[in-house]
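What follows is a short report on a single structure.
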Amino acid sequence: MARVSGPILQAADLGKQVTSPEGELAILQDINFNILEGETLAIVGVSGSGKSTLLGLLAGLDVPTSGQILFDGVNICALDEDGRARLRSQQVGFVFQSFQLLPGLTALENVMLPLELAGRSDPVAEARERLTEVGLEHRLHHYPSQLSGGEQQRVAIARAFAGNPRVLFADEPTGNLDQKTAQQVIDLLFRLNRERGATLVLVTHDRAIADHCARSITLAGGRMTGAA
């Protein structure tokens, strides 16, 4: 079982508004929940419900209009952009629907990049180990265009876990994959969650995927309508 000891993320009275031609538009309102260390949490809802916006706020990619987000007790909303970027580089990993691999780099180089930026002593060996963990030791020197969608997502997962993040955010990680490959990717994410103890926050519109998580919250119209 993944390690669960206490809240690593807390959203308190969270709100996000944007200005539109029609006036102020509320994307998120009155969001309150905690995520435990090592926990798996799904954020579910239909398209436009605010799922990805909430994920971006939790990860410090954006700042809320109201409320606060505590990451291990630190209010990340009070940090400047450099402070939030530092926190992300040291504590957070990301997996996106569109993979976000650099096309001019091989699988090995894509995974090495965050390790090099973090000043790791042997990024090549670490990147090889991460890619071996996801079953791609035979694809180290292939470019993204030479990999299938499932293989590209596995490279993205290896890169996300390369820095041993405390929290992994996954935004519709199976959205571009067929059903069989999607299941393999989900199984891999949860296996690495168990083995590494990293907290997993997963955005999905698929209830079957959400059911893999220990808890889920449901968004509709920018508000929480259900939690489990």
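The values are calculated or read from the model by the stated rules, or taken from the named source; none is laboratory data. Everything quoted here is computed from the prediction, not taken from an experiment. Note that each Cβ is placed from the backbone with ideal geometry, even for glycine, and that neighbours are counted across all protein chains shown. Note: accessible area is taken over every heavy atom of the protein model, side chains too, but ligands, DNA and RNA are not part of it. Shrake-Rupley method; radii C 1.70, N 1.55, O 1.52, S 1.80 Å.
Some points to look at:
- Alpha-carbon centroids, segment 1-68 and segment 160-207: separation in whole Å: 18
- Hypothetical label at Leu61: residues of segment 72-107 whose amide nitrogen lies under 14 Å (7 Å Cα-Cβ projection): 85, 88-89, 92-101
- Value of relative contact order over segment 79-188, rounded to a whole percent, pairs C-alpha under 8 Å and six or more apart: 40
- For the Cα trace of segment 137-228, dividing Rg by the Kirkwood Rh returns an Rg/Rh value of 1.00.
- Spacing of the modelled spin labels on Asp206 and Asp30, each 7 Å from Cα toward Cβ, amounts to 3.3 nm.
- Cα centre as origin, Lys/Arg/Asp/Glu Cβ charges: the chain dipole, Debye: 380
- Test item: Cα-centred dipole of segment 39-137, Lys/Arg +1 and Asp/Glu -1 on Cβ, debye: 260
- Each Lys or Arg adds one and each Asp or Glu subtracts one; over the other residues with Cβ under 11 Å from the Cβ of Leu101, this totals 0.
- Between helix 107-117 and the chain: long-axis angle, C-alpha atoms, 0 to 90°, nearest 10: 60
- Pairwise Cα distances in segment 53-170 exceed 20 Å in 44 percent of cases.
- In plain terms, the chain from Thr132 to Gln90 could stretch by 12.9 nm, reckoned as 0.36 nm per residue minus the Cα-Cα distance.
- Counting only protein heavy atoms and using a 1.4 Å probe, the accessible area of Glu151 comes to about 30 Å².
- Average Cα contact separation per residue, the chain, under 8 Å, 6 or more apart, as relative contact order %: 29
- Nearest-0.05 FRET efficiency for Val46 and Asp13, computed from C-beta distance (R0 25 Å): 0.60
- Heavy-atom surface of the chain, accessible at 1.4 Å and reported per residue (Å²): 46
- q = 0.14, 0.19, 0.26 Å⁻¹, segment 179-228: log10 I(q)/I(0) [Debye, one scatterer per Cα]: -0.41, -0.70, -1.06
- Compared with the dominant principal axis of the Cα atoms in the chain, helix 81-91 is inclined by about 50°.
- Cα pair count fraction exceeding 19 Å, expressed as % - segment 1-123: 58
- Sorted largest first, extent of the chain alpha carbons per principal axis (Å): 51, 42, 37
- Dipole of segment 1-160 [Lys/Arg +1, Asp/Glu -1 at C-beta], most positive-end residue of Ile8, Ala127, Thr40: Ala127
- With Cα atoms, 0 to 90° folded angle of helix 123-133 axis to the chain main axis: 80
- Peptides 50-57, 90-97 ordered by average Cβ neighbours within 10 Å, highest first: 50-57, 90-97
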